[in-house]
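First up is the structure itself, then whatever we jot down about it.
The values are calculated or read from the model by the stated rules, or taken from the named source; none is laboratory data. Bear in mind the structure is a predicted one, so any value in this text is a computation, not a measurement. When we count neighbours, we look across all protein chains shown, and the Cβ atoms used for this are built from the backbone with ideal geometry, even at glycine.
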Amino acid sequence: MAGKSVVLAFGSFDILHPGHLAYLKRAKRLGDMLIVVVSRDSSIRTIKGREPYMDERARLEIVGSLRFVDKAVLGNRLKREADKYAIISRYMPDVLAFGYDQKINTGELREWLKSRGIKCRIARIRDSVSPRSFKSSRIFGRLS
């Protein structure tokens with residue numbers, strides 16, 4: 001990764017849809033190398049309050065097979081609050097990319113980065129497809 005700017009993007013990607021593809025393509029444009037962190041099954045249960053439709057290994061394989069994704073990795077297991085951002089330390093990205101609908105406390109994240117001496121930009125990727133059509137929560141609402 002030396003000499004290349006690294007973008008770290010995050011998501012569950014449980015039923016990959018055009019909104020996810022738009023998010024990841026736009027994240028890729030922010031640097032040379034796109035690493036995608038795929039949420040663990042346990043994280044989906046905790047954060048979204050439901051079971052994932054596909055298990056973490058299947059989601060990891062699908063996301064990793066996208067031609068514009070350089071690397072896909074599983075996220076941390078969230079056993080403690082400190083685990084929340086630990087993966088960032090592993091990859092030391094130049095940019096952290098989040099989707100328009102991802103709930104992230106940027107103030108808390110900036111403090112965490114500063115406390116560890118990590119200098120990177122936080123980018124919010126705006127939706128480039130109809131958010132009403134391809135928002136995961138709308139898709140899952142229809143499947144329930």
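Okay, residues lined up against (1) without any contact (Cβ under 8 Å) to a residue 60 or more places away in the chain; (2) small (Gly, Ala, Ser); (3) closer than 24 Å to Asn105 by Cβ:
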residue: Phe10; (1), (2), (3): no, no, yes
residue: Asp14; (1), (2), (3): no, no, yes
residue: Pro18; (1), (2), (3): no, no, no
residue: Tyr23; (1), (2), (3): no, no, yes
residue: Ser39; (1), (2), (3): yes, yes, yes
residue: Ile44; (1), (2), (3): yes, no, yes
residue: Asp70; (1), (2), (3): yes, no, no
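Going through (1) at pLDDT below 75; (2) part of a loop (DSSP other than H, G, I, E, B) one by one, Gly117 falls short only on (1). The residues on offer are Ser137, Ser133, Ser89, and the sole one that is part of a helix (DSSP H, G or I), at pLDDT 90 or above and exposed (fewer than 15 other Cβ atoms within 10 Å of the Cβ) is Ser89.
For the range 75-86, give me each residue that is outside any loop (DSSP other than H, G, I, E, B) and touching a Ser or Thr at 6+ places or on another chain (Cβ under 8 Å). Hits for the range 75-86: nothing passes.
Only one entry in Leu34, Leu30, Leu109 is touching a strand residue (DSSP E or B) at 6+ places or on another chain (Cβ under 8 Å) and farther than 16 Å from Lys4 by Cα, namely Leu109.
Only residues that are more than 20 Å from Ala123 (Cα to Cα) and more than 15 Å from the chain's Cα centre (by Cα) were counted in the range 2-41, giving 2.
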